[in-house]
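K.L.:
I'd like to ask you about the structure that follows.
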Protein chains: 2
Amino acid sequence: MINQVTSPDNTRDRIILAGIRLFAAKGYQSTSIVDLLQEANAHSGSFYHFFPTKQDLLLAVLKAYRDGIEPMLLAPAWDGIDDPIAKVFALLAAYRRALDSSSCTYGCPIGSLALELHEPDPPVRELLSVNFFGWVHHIRRCLDAAQNGNRLPRAVDTEQLAVFVLTTMEGGVMQARTHRSLAAFDASVASLRDYFSRLESAAREESQSC
Amino acid sequence: MINQVTSPDNTRDRIILAGIRLFAAKGYQSTSIVDLLQEANAHSGSFYHFFPTKQDLLLAVLKAYRDGIEPMLLAPAWDGIDDPIAKVFALLAAYRRALDSSSCTYGCPIGSLALELHEPDPPVRELLSVNFFGWVHHIRRCLDAAQNGNRLPRAVDTEQLAVFVLTTMEGGVMQARTHRSLAAFDASVASLRDYFSRLESAAREESQSC
């Protein structure tokens, strides 16, 4: 992700990567400049040259997530999958793997920052918002493809449903992480899967009645 | 809430109320002891007498939420509502009002703490977990009543669906707060409402075929 979204300057890249890792692992406010320097193996002079404040690093981290959604998140999750509805659930399965491999300590980094920062400065909040919109946009493209293929009823608002898929992921990850158990994530995805099955069934009836 | 869940000692109550207010408004880590003393109009000697550490106050706050769910959250949201499915959506409507009246800066205090605290000490994590379980328990009771009245299909796992309702609230609040707009919350609840409508319709068909 870093190679693709930042300048080729190595120190700057290492600091952004340190921000990605530490903000996700410890939270933004719990991560000190000293933590970041150690993780990036960088000196404070370099840090402040690239990032006058910790918030400047946060903005760079959020831009890296924004620009990395396709290469880092979607491409691996959707490798070999063409069916648009299967893609929706393959993305949710990628989050399940992240929970499973971290003993359910994983949190969506955007969702965690969105709730950790109670009064984010406008540029931070806007980049959090842009990250959510990006995620929803890609899911909506899947849902539009499914609807165009008569797999979803014509009356379904695909933007609304795409938001609901993100809601399912975020709410499921939040509970799984809190309970240190996959059960609530699995329950949420199973409910969404049942909802999709009912929508697909309604679309089939719609097609047959034409 | 406080009168019902804490000792009658006024200073202790005031400190817990200050914790409820400030942890919700600023976050746990951003709230200092000085902030709490000012908000509670208390001296540090009283504070440390009741709460040797800030985490001890956090535990008391989480117990207040746990014990306050019926009198403080459910009773006002469900006042005058008997229909078990209407209760589910009336509770979601209460969260919408909290978002609306705060210009979408409201966050579920439990959800926010669950994501802010990346490595909570076990007693904190357990009380966050207990709060989620309590919320789900009350929704499940509504769903069981609906199922017993043939309003939901017999095959519906009411525990799973209750978790999904919490997922909808938490994911919707997170996005609304991030976008500073009710749209994502409304989209999430509208999707859940459509899912319930399809479940209710399936239950009617089930009843008619008996």
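The values are calculated or read from the model by the stated rules, or taken from the named source; none is laboratory data. These numbers come from a predicted model, not from an experiment. Cβ atoms come from the backbone with ideal geometry, glycine included; neighbour counts cover every protein chain shown. Protein only, heavy atoms only, side chains kept; ligands, DNA and RNA dropped before computing areas. Shrake-Rupley method; radii C 1.70, N 1.55, O 1.52, S 1.80 Å.
K.L.:
For the range B:177-200, state whether one or more residues are modelled with pLDDT of 95 or more, closer than 20 Å to B:D82 by Cα, in contact with a helix residue (DSSP H, G or I) (Cβ under 8 Å, 6 or more places away or on another chain) and outside any helix (DSSP H, G or I).
P.N.:
For the range B:177-200, residues modelled with pLDDT of 95 or more, closer than 20 Å to B:D82 by Cα, in contact with a helix residue (DSSP H, G or I) (Cβ under 8 Å, 6 or more places away or on another chain) and outside any helix (DSSP H, G or I): absent.
K.L.:
Sticking with this structure for a sec: Give just the number: which of (1) touching a residue at least 12 places away in the same chain (Cβ under 8 Å); (2) under 29 Å from A:A183 (Cα atoms); (3) open to solvent by 10 Å² or more (accessible area, probe 1.4 Å) does A:I85 not satisfy?
P.N.:
(3)
K.L.:
Of the conditions (1) assigned to a helix (DSSP H, G or I); (2) more than 12 Å from the chain's Cα centre (by Cα); (3) within 11 Å of chain B (Cβ to nearest Cβ), A:W135 clears all except one; give me its number.
P.N.:
(2)
K.L.:
If you check B:A162 against the conditions, is it assigned to a helix (DSSP H, G or I) and open to solvent by less than 20 Å² (accessible area, probe 1.4 Å)?
P.N.:
So B:A162 fits the description; yes.
K.L.:
Here's something else I'd like to know. Could you look through the range A:24-60, keep only residues that are open to solvent by less than 10 Å² (accessible area, probe 1.4 Å) and within 22 Å of B:Y28 (Cβ to Cβ), and pick out the one that is modelled with the lowest pLDDT?
P.N.:
Filtering the range A:24-60 for residues that are open to solvent by less than 10 Å² (accessible area, probe 1.4 Å) and within 22 Å of B:Y28 (Cβ to Cβ), the one modelled with the lowest pLDDT comes out as A:G27.
K.L.:
Could you go through the range B:47-57 and let me know if any residue there is more than 14 Å from every other protein chain (Cβ to nearest Cβ), touching a Gly at 6+ places or on another chain (Cβ under 6 Å) and not aromatic (F, W, Y).
P.N.:
yes
K.L.:
Could you give every pair whose Cβ atoms fall below 9 Å, whose first residue belongs to the range B:187-206 and is more than 8 Å from chain A (Cβ to nearest Cβ) and without any contact (Cβ under 8 Å) to a residue 40 or more places away in the chain, and whose second residue is open to solvent by less than 10 Å² (accessible area, probe 1.4 Å) and not in a helix (DSSP H, G or I), counting only separations of at least 6 or pairs across chains?
P.N.:
From residues that are more than 8 Å from chain A (Cβ to nearest Cβ) and without any contact (Cβ under 8 Å) to a residue 40 or more places away in the chain, the pairs are B:E205/B:P153.
K.L.:
Got a number for residues in the range A:98-130 being open to solvent by 20 Å² or more (accessible area, probe 1.4 Å) and either part of a helix (DSSP H, G or I) or more than 10 Å from chain B (Cβ to nearest Cβ) (or both)?
P.N.:
13
K.L.:
Among the residues of the range B:148-181, write down those that are in contact (Cβ under 8 Å) with a residue 40 or more places away in the chain and over 18 Å from the mean Cα position of the chain (by Cα).
P.N.:
B:G149, B:N150, B:R151, B:L152, B:P153, B:R154, B:V156, B:H179, B:R180, B:S181
K.L.:
OK, next. Hey, among A:A155, A:A146, A:A93, which residue is more than 10 Å from chain B (Cβ to nearest Cβ), aliphatic (A, V, I, L, M) and surrounded by fewer than 16 Cβ atoms within 10 Å (Cβ to Cβ)?
P.N.:
Of the residues listed, the single one that is more than 10 Å from chain B (Cβ to nearest Cβ), aliphatic (A, V, I, L, M) and surrounded by fewer than 16 Cβ atoms within 10 Å (Cβ to Cβ) is A:A93.
K.L.:
Related question: Give the number of residues within the range A:161-179 that are more than 13 Å from B:T167 (Cβ to Cβ) and more than 7 Å from every other protein chain (Cβ to nearest Cβ).
P.N.:
1
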